[in-house]
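Below you'll find the structure, written out as structure tokens, and then a few comments.
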Amino acid sequence: MKRCWVAYATPAREYLWALELPDTACIAEALAAARERAGAAPVPWESATVGVFGEVRRRTDGWADGERIELYRPLARDPRARRRERLRPARR
């Protein structure tokens with residue numbers, strides 16, 4: 001058996017589910033197990049991009065014991081562009 005965390009965050013709330021699954025389980029199976037525990041949590045289980053510690057992965061990939069599987073929200077704006085816009089008035 002191996003353990004993992006499944007994580008999803010919105011600006012208002014963070015969700016985190018601890019799981020223990022067979023060694024052969026893939027990310028999709030971990031998401032399915034977390035979904036069972038989540039109840040009515042507003043998580044885009046099917047459409048969200050997934051990754052492990054910030055590295056995008058396929059749902060058929062595995063993970064190492066103790067890793068955190070993350071569901072990513074699309075960004076409203078590019079953080080680099082937003083920072084450039086903030087700094088533009090200071091440069092003038």
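Please treat every number below as a calculation from the coordinates, not as lab data. Keep in mind the model is a prediction, meaning the values are calculated, not measured. Don't worry about glycine lacking a Cβ; one is built from the backbone with ideal geometry, like all the others, and counts go over all protein chains shown.
Listing for the model above:
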{"read-out": "Sequence-separation-based contact order of segment 2-91, relative, with Cα cut under 8 Å and 6+ spacing, percent", "value": "33 percent"}
{"read-out": "Summed side-chain charge close to GLU14 - residues other than GLU14 whose Cβ falls under 14 Å, Lys, Arg +1, Asp, Glu -1", "value": "+2"}
{"read-out": "Dipole of the chain [Lys/Arg +1, Asp/Glu -1 at C-beta], most positive-end residue of VAL43, TRP63, ALA33", "value": "VAL43"}
{"read-out": "Reported label for calculated percent of Cα pairs over 18 Å apart given [x] 44; [y] 65; [z] 49", "value": "[z]"}
{"read-out": "Using a Förster distance of 22 Å, the FRET efficiency for ARG82-LEU16 (Cβ separation, nearest 0.05)", "value": "0.25"}
{"read-out": "Between 0 and 90°, nearest 10: helix 27-38 axis offset from the chain longest Cα axis", "value": "90 degrees"}
{"read-out": "Cβ charges +1 (Lys, Arg) and -1 (Asp, Glu), total dipole of the chain, debye", "value": "1100 debye"}
{"read-out": "Sparse-neighbourhood loop sites, chymotrypsin sites (Phe, Trp or Tyr not before Pro) in segment 37-92 - DSSP loop, at most 13 other Cβ within 10 angstrom", "value": "PHE53"}
{"read-out": "Rounded to 10°, Cα long-axis angle of helix 79-91 versus longest principal axis of the chain", "value": "20 degrees"}
{"read-out": "DSSP-assigned coil residues among GluC sites (Glu not before Pro) in segment 1-74, each with at most 15 further Cβ atoms within 10 Å", "value": "GLU46"}
